[in-house]
Structure formats: C-alpha cells, structure tokens
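Structure record follows, encoded as structure tokens.
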Amino acid sequence: MSAQQNNPLHGLTLEYVLTRLYEHYGWERLYEQININCFSNEPSIKSSLKFLRRTKWARSKVEALYVSTFA
C-alpha cells in the first residue's frame, strides 16, 4: 500500500500547481490569498517557482491553497 495514495498532490509538479492557481486566481488574487512578494512584485511563473523551491513555508502555503481550492 503506497503512503502517497491519499496525497492529493501526488504526481503533481510545483509548476503545475502554481499554474493552476494562477489561472484560477490571477496574480492579484493569489497575492491576497497568500501574502508572498513573488506574487505582487513583477510576478511570473518562473520567478515564483524559483522562490517557492527554496522557501519551504511558502511552498507549503501554495500547496495548501491548491488542495483547498481544487480538492
């Protein structure tokens, strides 16, 4: 039995998660949901990914928002 079986993020890349959230909310509303500068200061998928990959607490917030939005 796989431990990932009940993980709603299993098999999803951070890029996919961020892209879906961006398409759903847009940068301004995404920044309202999660107050992270990479969503307000010249935001892009590439720059946001770079920040989220090295900042665990921010990545956790993005993943939690994805789960609560799409699960």
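Quick notes on this one:
Results for (1) in contact (Cβ under 8 Å) with a residue 60 or more places away in the chain; (2) at positive phi; (3) among the polar types (S, T, N, Q); (4) touching a helix residue (DSSP H, G or I) at 6+ places or on another chain (Cβ under 8 Å), shown as yes or no for each residue.
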site: Arg20; (1), (2), (3), (4): no, no, no, yes
site: Glu23; (1), (2), (3), (4): no, no, no, no
site: Asn35; (1), (2), (3), (4): no, no, yes, no
site: Asn41; (1), (2), (3), (4): no, no, yes, no
site: Ile45; (1), (2), (3), (4): no, no, no, yes
site: Lys61; (1), (2), (3), (4): no, no, no, no
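- Residue within the stretch 40-47 that is of a type outside the set (A, V, I, L, M), surrounded by 14 or more Cβ atoms within 10 Å (Cβ to Cβ), at pLDDT 95 or above and not in a loop (DSSP other than H, G, I, E, B) present: no
- In the stretch 9-34, residue farthest from Lys61 (Cα to Cα) [restricted to those that are loosely packed, with under 12 Cβ neighbours inside 10 Å and at pLDDT below 95]: Gly11
- Breaking point among (1) among the acidic types (Asp, Glu); (2) closer than 19 Å to Thr69 by Cα; (3) not in a helix (DSSP H, G or I), for Glu15: (3)
The values are calculated or read from the model by the stated rules, or taken from the named source; none is laboratory data. What you are looking at is a predicted structure, and each value in this text was computed from that prediction instead of being measured. Here Cβ is always computed from backbone atoms with ideal geometry, including for glycine, and neighbour counts include all displayed protein chains.
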